[in-house]
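What follows is a single structure, written as C-alpha cells, with notes after it.
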Amino acid sequence: MTNRPDEDPLLDVKQAAKFLGTSERFPRRLIAQRRIRFVRVGRFVRIPMSALTDFLEPVEPMTASDIWKAA
C-alpha cells in the first residue's frame, strides 16, 4: 500500500529540526547514521513526517529488575 503525498508530507532538514525541537545538525546526524528513513529528491534530502513520528514513538523504560531478568 502506498501513501498519497498529501497523507505523508516530506519535510526538509530545517523543517524536521523545527518539528523535533532541535538544531539542523540532529536530523542530519540521524540521516547519516541511517537511524531515520529519508528520501532523496534529486540532490535534496527529504524526511517523511511518518519517519519523524516513528522516531518519537515512546519506548517503555527498563527497570533494574528487567535487566536482571535478561541476564
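The values are calculated or read from the model by the stated rules, or taken from the named source; none is laboratory data. The shown structure was predicted, so the numbers you read here are calculated from the model rather than taken from an experiment. When we count neighbours, we look across all protein chains shown, and the Cβ atoms used for this are built from the backbone with ideal geometry, even at glycine. In case anyone asks, the SASA skips ligands and DNA or RNA and just uses the protein heavy atoms, side chains included. Shrake-Rupley method; radii C 1.70, N 1.55, O 1.52, S 1.80 Å.
Please work out if residue 36 is without any contact (Cβ under 8 Å) to a residue 24 or more places away in the chain and of a type in the set (A, V, I, L, M). Yes; evaluated as a whole, the condition is true for this residue.
State which residue pairs qualify: first residue more than 18 Å from residue 54 (Cβ to Cβ) and inside segment 1-16, second residue modelled with pLDDT of 95 or more and not hydrophobic (A, V, I, L, M, F, W, C) in any location, beta carbons under 6 Å apart, and separation of 6 or more residues or different chains. Listed by first residue and then by second, the contacts come to 14/24. Among the residues of segment 27-47, some residue qualifies, meaning at least one is under 19 Å from residue 9 (Cβ atoms), more than 18 Å from the chain's Cα centre (by Cα) and exposed (fewer than 10 other Cβ atoms within 10 Å of the Cβ). All conditions in (1) among the acidic types (Asp, Glu); (2) open to solvent by less than 70 Å² (accessible area, probe 1.4 Å); (3) touching a helix residue (DSSP H, G or I) at 6+ places or on another chain (Cβ under 7 Å) hold for residue 12, with the sole exception of (3). For segment 48-71, the tally of residues that are surrounded by 10 or more Cβ atoms within 10 Å (Cβ to Cβ), out of contact with any Asp or Glu (no Cβ under 7 Å at 6 or more places or on another chain) and of a type in the set (Gly, Ala, Ser) stands at 1. Contact list please: Cβ distance under 6 Å, first residue in segment 41-53 and in contact (Cβ under 8 Å) with a residue 12 or more places away in the chain and in a strand (DSSP E or B), second residue buried (at least 18 other Cβ atoms within 10 Å of the Cβ) and of a type in the set (Gly, Ala, Ser), pairs at least six apart or on different chains. Correct list of pairs: 47/16.
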